[in-house]
């Protein structure tokens, strides 16, 4: 492990990167996951590496949606398991939701390594790895169509952080309400999900847990109102503007 | 190797990615190189995955600078060797320049793999790997400070594609004229180099070879004029605007 001085201007970003590289070395993360992290880094840099107003609004809508869900499920891939396993387990406990491992580049060893990591971080049960418990979502080509009959298949709300566009579409077609974390406000996932949190998941998952805790005392009517007032497309345009404004500002300093 | 259908909307980008992943499997590319490729993909996506006017202007200035150079050297790292070895060799022949391997995350095996790839692609000589031929550039911490006495150390113009900011600064301090390829117009490398080609190197290195060929008949005076007329900072601002405009356009379609 390299030592990154706290004074480094990009120390936080480098620490996140280090977690992911460790996850790769420990068999959690695929090569493609390293590339995806790089794409995320670029967008996070452009967003100013902070949780903006639009992201905060999406987090509140997501919290309301999760509190109203009858059977929420959190889908976990290798990058999420490497970046924030403890936080994901915390979220699942807060919302009384299940955790399911679901990989784009499937591989039994990697799946088992992810399950182990999640359990080490406090998960009592992890779906998606038991033989005989799987079924298929229609409209999706990759290994990700295989889902757990007791998990995503029967969920009403699915949290899919760091997702691919095809799967988000398939989940929507299957009638699920989809909440995603995606740093690119223009990606197909961002545009297809019901609620898109355009933020670095390592920053915003804690904020989501916090909001779920705060809102747990709200009545149903007020939660429905939060969701009704939320406009995902409009919110995404605001994130695009955040990037545009950042580019202008940085360009003036440079 | 996966098969990517030509009809895929992002086929070109995926083919480039595949080259890099193969380079990783063959020991040319570091893990950090996969992350860097991801960052590049994001910026290329935002630039519209095409060579813009600003990039074309930088390519012309770079060609003029290389034709005027007394001793140009092209610095090659793992990503470049994986992405476009043949094109880099072609450029070195066109400008009668040397090729030197120089790695941020140094590793003897990786260096040898890169040298082998370059030679297989037609390079007659590759500097940077012989014991007893190395010396140090001051003002730089990483392994990249080690340069070849007969190469970068004595070069007047250095081409550094996919570079890090510290090294570009060190090369400038050492009095070199630096030409770089960088997809992020705001990066330290972009801002520090004399001529920054904000484009995907796999697209623009061919264009650079072409321009060098075309301009080889120009007289010195006209080449000097091209360089004098080129304003790198202004050109970089234009690339930032290209990204801004693309964001606006995509945001309207979405």
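The values are calculated or read from the model by the stated rules, or taken from the named source; none is laboratory data. Since the model is a prediction, treat every value here as computed from it, not as a measurement. Glycine also receives a Cβ, built like all others from the backbone with ideal geometry; neighbour counts cover every protein chain displayed.
Tabulated results
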| quantity | calculated |
| --- | --- |
| Complete set of residues in the range B:219-234 that are within 19 Å of residue B:51 (Cα to Cα) and in a loop (DSSP other than H, G, I, E, B) | B:230, B:231 |
| Check on residue A:247, surrounded by 15 or more Cβ atoms within 10 Å (Cβ to Cβ), over 22 Å from the mean Cα position of the chain (by Cα) and closer than 28 Å to residue A:79 by Cβ | yes |
| Test: residue in the range A:197-218 that is assigned to a loop (DSSP other than H, G, I, E, B), away from chain B (no Cβ under 11 Å), surrounded by fewer than 17 Cβ atoms within 10 Å (Cβ to Cβ) and in contact (Cβ under 8 Å) with a residue 40 or more places away in the chain | yes |
| Test: residue B:246 is within 14 Å of another protein chain (Cβ to nearest Cβ) and touching a residue at least 60 places away in the same chain (Cβ under 8 Å) | yes |
| Unique residue being more than 26 Å from residue A:176 (Cβ to Cβ), in contact with a helix residue (DSSP H, G or I) (Cβ under 9 Å, 6 or more places away or on another chain) and either modelled with pLDDT under 95 or surrounded by fewer than 24 Cβ atoms within 10 Å (Cβ to Cβ) (or both) when the list is A:19, A:6, A:60 | A:19 |
| Failed item, numbered, when residue B:194 is tested on (1) out of contact with any helix residue (DSSP H, G or I) (no Cβ under 6 Å at 6 or more places or on another chain); (2) within 14 Å of chain A (Cβ to nearest Cβ); (3) crowded, with 20+ Cβ neighbours inside 10 Å | (2) |
| Which listed residue is surrounded by fewer than 24 Cβ atoms within 10 Å (Cβ to Cβ) and under 14 Å from residue A:98 (Cβ atoms), from A:176, A:136 | A:176 |
| Scan of the range B:25-37 for residues that are surrounded by fewer than 22 Cβ atoms within 10 Å (Cβ to Cβ), touching a helix residue (DSSP H, G or I) at 6+ places or on another chain (Cβ under 8 Å) and assigned to a helix (DSSP H, G or I), ordered by number | B:31, B:32 |
| The listed residue being in contact (Cβ under 8 Å) with a residue 12 or more places away in the chain, surrounded by 24 or more Cβ atoms within 10 Å (Cβ to Cβ) and not in a helix (DSSP H, G or I), out of A:74, A:80 | A:74 |
| Given (1) free of Cβ contacts under 8 Å to residues at least 60 places away in the same chain; (2) buried (at least 21 other Cβ atoms within 10 Å of the Cβ); (3) within 18 Å of the chain's Cα centre (by Cα), index of the condition residue B:148 fails | (3) |
| Tally of residues being modelled with pLDDT of 95 or more, within 23 Å of residue B:153 (Cβ to Cβ) and outside any helix (DSSP H, G or I) across the range B:102-123 | 1 |
| Test: residue in the range A:81-101 that is touching a helix residue (DSSP H, G or I) at 6+ places or on another chain (Cβ under 9 Å), within 14 Å of chain B (Cβ to nearest Cβ) and either modelled with pLDDT of 95 or more or within 23 Å of residue A:15 (Cα to Cα) (or both) | yes |
